[in-house]
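Heads up: the structure comes next, in structure tokens.
Each reported figure results from applying straightforward, stated rules to the coordinates on display, with no laboratory input. None of these values were measured; they are calculated from a predicted model. Glycine also receives a Cβ, built like all others from the backbone with ideal geometry; neighbour counts cover every protein chain displayed.
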Amino acid sequence: MNFISINDAIKKGQGSIAIRGWVYRERKSNKFAFIVLRDSTNIIQCVVEKDKVKPDVWEAAEKLSVESSCEVFGEIVRETRAP
């Protein structure tokens, strides 16, 4: 899958995407990891659900910290409550 910019992912609005960037913020709980990812074009929130990913993906998400670089593969979902 080809990587696209975060701005292009936001414009796409739905479907499968592959993006990469740096962790801007992160919040984690026992079941979810909320990763705010940035690149040179924009920022986007990524949600990792422990029960929906392989154990190695969850472990990688738990290890992320601010300014970590990462690649994300998943489905983009527009959230109407987001600003």
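Dividing the alpha-carbon radius of gyration of the chain by 2.2 N^0.38 Å (N being the number of residues), what value is obtained?
1.03
Number of Lys pairs in the chain with C-alpha atoms less than 14 angstrom apart, excluding same-chain neighbours closer than eight positions?
Details: 28/50; 28/63; 31/50; 31/52; 31/54; 50/63.
Number of lysine pairs found: 6.
Considering only DSSP states other than H, G, I, E and B, which trypsin sites (Lys or Arg not before Pro) in region 1-60 qualify as loop sites with at most 12 other Cβ atoms within 10 Å?
On the way: sites: 11, 12, 20, 25, 27, 28, 31, 38, 50, 52; in loops: 31.
Passing sites in region 1-60 are 31.
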ask   = Given DSSP loops and a limit of at most 11 other Cβ atoms within 10 Å, what is the longest stretch of the chain that contains no such GluC sites (Glu not before Pro)?
value = 1-66
inquiry  = Tell me the relative contact order for the chain as a rounded percent, counting alpha carbon contacts under 8 Å between residues six or more apart.
reply    = 36
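Note down the net charge around residue 18, summing +1 for each Lys or Arg and -1 for each Asp or Glu among other residues with Cβ under 13 Å from its Cβ.
-2
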